[in-house]
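Visitor: Below is the structure I would like to discuss, written out as structure tokens.
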Amino acid sequence: MKQTIQPVYNFNAGPSALPSSVLEKAQQELLNFRGTGMSVMELSHRSSTYEEVHNNAITRLKTLFSIPENYEVLFLQGGASLQFSMIPMNFLQKGQKAAYVNTGVWAEKAFTEAKLLGDPYEAASSKEGNHRFIPNINDLQYNQGDAYIHITSNNTIYGTQWRDFPDTGDVPLIADMSSDIMSKPIDISKFAMIYAGAQKNLGPSGVTVVIIRKDMIEKANPNVPTILKYSTHYKNNSLFNTPPTFGIYMLGEVLGWIEEKGGLQTLAKQNEEKAKLIYDAIDESNGFYVGHAEPESRSLMNITFKLADQELEKKFLEEAKQGGFVGINGYRTVGGCRASTYNAVPVEACKALSEIMIQFQKNN
Ligand SMILES: *Cc1c(COP(=O)(O)O)cnc(C)c1O
């Protein structure tokens, strides 16, 4: 909660809430960063002061997320959206196929880019059910010899999330984790690559986090423009060209905040509690509020629902807005309501939302 005339509860889907202590620290350090007499934005990216910020963010990420030795962390630009193209450019070689699981808008965008560059196919889809569920991990159709299988671990727009991940053996598993990265501990060793735009769970927009197994870098297609090769960024410690220095600084500070909170175990528990407050308001409403996702596929990061009565829904959204709740409208092409309860959204905000939901139902 930031200091404004009226308290604001930020449920934005992305960019989204940042921890207020991190913003305060950034403010304190803004004009004189660690004795340099200038802001972190004005430092050379080749200076030792910046290098420390950069390496500190990488180390914190590796430690907090328990990333094994044979993986590297890269900070790239272009958002998760550029990864949709870089992945097939680097890994989908001539004569190979790649499997894509279609669980929503972002998953489909990744698939579309791969079609421009090679021969991908759908390993499973939730389209028929309007993306209300995550396909069963035992029903995924892919073949040994595929270049990779691509999944979207959390579907920001539909509010569904993978509970567990398939063991894909020799087929590299690649995941877009833009909207649930570091919201809980996971077994990194199941993945060949994980990527995420930072602006949902990790920091401001402008930085894309890539966690990649080193053998993937080695076997990538060499005929790719230099800046679009993972190997380029790997060899240069993500300093091939000017990185988004301020964003990486903020990311490092958000990771420091996660550390102070007690790490991913603690966050995971809190994220569960937060989502439960809102799901309970839906489930105990006798159909007044209707959840979009099937209960076993529900996301702990994006809670999607509508009101059974469309007129009341307009009224609810208006009253929520009046009450200082920001970002409750559903995605522009889907409608309804959505509350994004990422890492930095405090429990109090979720409590407040569940309370106005219950009160609104009573009044109407
Ligand atoms: C927000 C989002 C994206 C798009 O990220 P950009 O950084 O804006 O390119 C991709 N995938 C998922 C799952 C998202 O939530």
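The values are calculated or read from the model by the stated rules, or taken from the named source; none is laboratory data. Small disclaimer: the values here were computed from a predicted structure and weren't measured. Backbone-built Cβ (ideal geometry, glycine too); neighbour counts: all protein chains shown.
Visitor: For the structure I just gave you, tell me whether N10 is in contact with a strand residue (DSSP E or B) (Cβ under 7 Å, 6 or more places away or on another chain), modelled with pLDDT of 95 or more and within 30 Å of G323 (Cβ to Cβ). Reasoning before the result, please.
Guide: On the way: in contact with a strand residue (DSSP E or B) (Cβ under 7 Å, 6 or more places away or on another chain): yes; modelled with pLDDT of 95 or more: yes; within 30 Å of G323 (Cβ to Cβ): yes.
Yes, satisfied.
Visitor: Kindly establish whether P244 is touching a Gly at 6+ places or on another chain (Cβ under 8 Å), modelled with pLDDT of 95 or more, within 24 Å of N271 (Cβ to Cβ) and within 16 Å of the ligand (Cβ to nearest atom). Lay out the reasoning, then the answer.
Guide: Values: touching a Gly at 6+ places or on another chain (Cβ under 8 Å): yes; modelled with pLDDT of 95 or more: yes; within 24 Å of N271 (Cβ to Cβ): no; within 16 Å of the ligand (Cβ to nearest atom): yes.
The answer is no for P244.
Visitor: Residues I188, I227, I174: which one is more than 16 Å from the ligand (Cβ to nearest atom), at pLDDT 95 or above and closer than 21 Å to S299 by Cβ?
Guide: Working: I227 fails: closer than 21 Å to S299 by Cβ; I174 fails: more than 16 Å from the ligand (Cβ to nearest atom).
Matching residue, one of I188, I227, I174: I188.
Visitor: From the set of residues in the stretch 294-317 that are in a loop (DSSP other than H, G, I, E, B) and of a type in the set (A, V, I, L, M, F, W, C), which is surrounded by the most Cβ atoms within 10 Å (Cβ to Cβ)? Before you say what the answer is, go through the steps one by one.
Guide: At the first step, the residues of the stretch 294-317 found to be in a loop (DSSP other than H, G, I, E, B) are 294, 299-301, 308-309.
Subsequent filtering for residues that are of a type in the set (A, V, I, L, M, F, W, C) retains 300-301, 308.
Working: L300: 22, M301: 29, A308: 12.
Among residues in the stretch 294-317 that are in a loop (DSSP other than H, G, I, E, B) and of a type in the set (A, V, I, L, M, F, W, C), the one surrounded by the most Cβ atoms within 10 Å (Cβ to Cβ) is M301.
Residues are listed down the side, and each one gets a yes or a no for (1) modelled with pLDDT of 95 or more; (2) aromatic (F, W, Y); (3) farther than 29 Å from N130 by Cα; (4) in the same structural domain as V347 (by TED's automatic domain parsing):
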position: T266; (1), (2), (3), (4): yes, no, yes, yes
position: I278; (1), (2), (3), (4): yes, no, no, yes
position: I282; (1), (2), (3), (4): yes, no, no, yes
position: N286; (1), (2), (3), (4): yes, no, no, yes
position: Y289; (1), (2), (3), (4): yes, yes, no, yes
position: A293; (1), (2), (3), (4): yes, no, no, yes
position: E296; (1), (2), (3), (4): yes, no, no, yes
position: L300; (1), (2), (3), (4): yes, no, no, yes
position: I303; (1), (2), (3), (4): yes, no, no, yes
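Visitor: Now a separate question. Output the residue which, of all residues in the stretch 318-330 that are in contact with a strand residue (DSSP E or B) (Cβ under 6 Å, 6 or more places away or on another chain) and aliphatic (A, V, I, L, M), is surrounded by the most Cβ atoms within 10 Å (Cβ to Cβ).
Guide: Top of the filtered list is I328.
Visitor: Being β-branched (V, I, T) and farther than 18 Å from G291 by Cα is the filter; apply it to the stretch 150-177 and report the residue that is surrounded by the most Cβ atoms within 10 Å (Cβ to Cβ).
Guide: Step one: filter the stretch 150-177 for residues β-branched (V, I, T), giving 151-152, 156-157, 160, 168, 171, 174.
From the residues that got through so far, the ones that are farther than 18 Å from G291 by Cα too are 151-152, 168, 171, 174.
On the way: I151: 27, T152: 29, T168: 22, V171: 21, I174: 25.
That would be T152.
Visitor: For the stretch 264-275, indicate whether the set of residues that are touching a Cys at 6+ places or on another chain (Cβ under 6 Å), surrounded by 15 or more Cβ atoms within 10 Å (Cβ to Cβ) and of a type in the set (D, E, K, R) is non-empty. Break it down stepwise before answering.
Guide: First, the residues of the stretch 264-275 that are touching a Cys at 6+ places or on another chain (Cβ under 6 Å): 274.
When the remaining residues are screened for being surrounded by 15 or more Cβ atoms within 10 Å (Cβ to Cβ), the result is 274.
Right, trim to of a type in the set (D, E, K, R) and you get 274.
Yes.
Visitor: While we're here: Output the residue which, of all residues in the stretch 1-26 that are polar (S, T, N, Q) and either under 25 Å from the mean Cα position of the chain (by Cα) or surrounded by 15 or more Cβ atoms within 10 Å (Cβ to Cβ) (or both), is farthest from the ligand (Cβ to nearest atom).
Guide: Taking the stretch 1-26 and keeping what is polar (S, T, N, Q), we get 3-4, 6, 10, 12, 16, 20-21.
Retained after the next criterion (residues that are either under 25 Å from the mean Cα position of the chain (by Cα) or surrounded by 15 or more Cβ atoms within 10 Å (Cβ to Cβ) (or both)): 10, 12, 16, 20-21.
On the way: N10: 16, N12: 11, S16: 10, S20: 23, S21: 24 Å.
Checked the stretch 1-26; the qualifying residue farthest from the ligand (Cβ to nearest atom) is S21.
Visitor: Please indicate, with yes or no, whether at least one residue in the stretch 220-231 is out of contact with any Pro (no Cβ under 6 Å at 6 or more places or on another chain), of a type in the set (F, W, Y) and not assigned by TED's automatic domain parsing to the domain that holds F33.
Guide: Within the stretch 220-231, the subset out of contact with any Pro (no Cβ under 6 Å at 6 or more places or on another chain) is 220-231.
Now narrow it down to the ones that are of a type in the set (F, W, Y): 230.
With not assigned by TED's automatic domain parsing to the domain that holds F33 added as a condition, the list becomes none.
Among the residues of the stretch 220-231, not one is out of contact with any Pro (no Cβ under 6 Å at 6 or more places or on another chain), of a type in the set (F, W, Y) and not assigned by TED's automatic domain parsing to the domain that holds F33, which makes the answer no.
Visitor: What is the one condition in (1) buried (at least 21 other Cβ atoms within 10 Å of the Cβ); (2) over 19 Å from P185 (Cα atoms) that G291 does not satisfy?
Guide: Status for G291: all satisfied but (1).
Visitor: So, one more: Here is a list of conditions, (1) touching a Leu at 6+ places or on another chain (Cβ under 9 Å); (2) under 26 Å from Y195 (Cβ atoms), and T36 meets all of them except one; can you say which number that is?
Guide: Tallying (1) touching a Leu at 6+ places or on another chain (Cβ under 9 Å); (2) under 26 Å from Y195 (Cβ atoms), T36 fails exactly one: (2).
Visitor: Could I ask something else about it? Report, by residue number, each residue of the stretch 331-345 that is out of contact with any helix residue (DSSP H, G or I) (no Cβ under 8 Å at 6 or more places or on another chain) and either surrounded by fewer than 22 Cβ atoms within 10 Å (Cβ to Cβ) or assigned to a helix (DSSP H, G or I) (or both). Lay out the reasoning, then the answer.
Guide: Step one: list which residues in the stretch 331-345 are out of contact with any helix residue (DSSP H, G or I) (no Cβ under 8 Å at 6 or more places or on another chain), which gives 332, 334-335, 338, 340, 342.
Answer for the stretch 331-345, where residues must be out of contact with any helix residue (DSSP H, G or I) (no Cβ under 8 Å at 6 or more places or on another chain) and either surrounded by fewer than 22 Cβ atoms within 10 Å (Cβ to Cβ) or assigned to a helix (DSSP H, G or I) (or both): R332, V334, G335.
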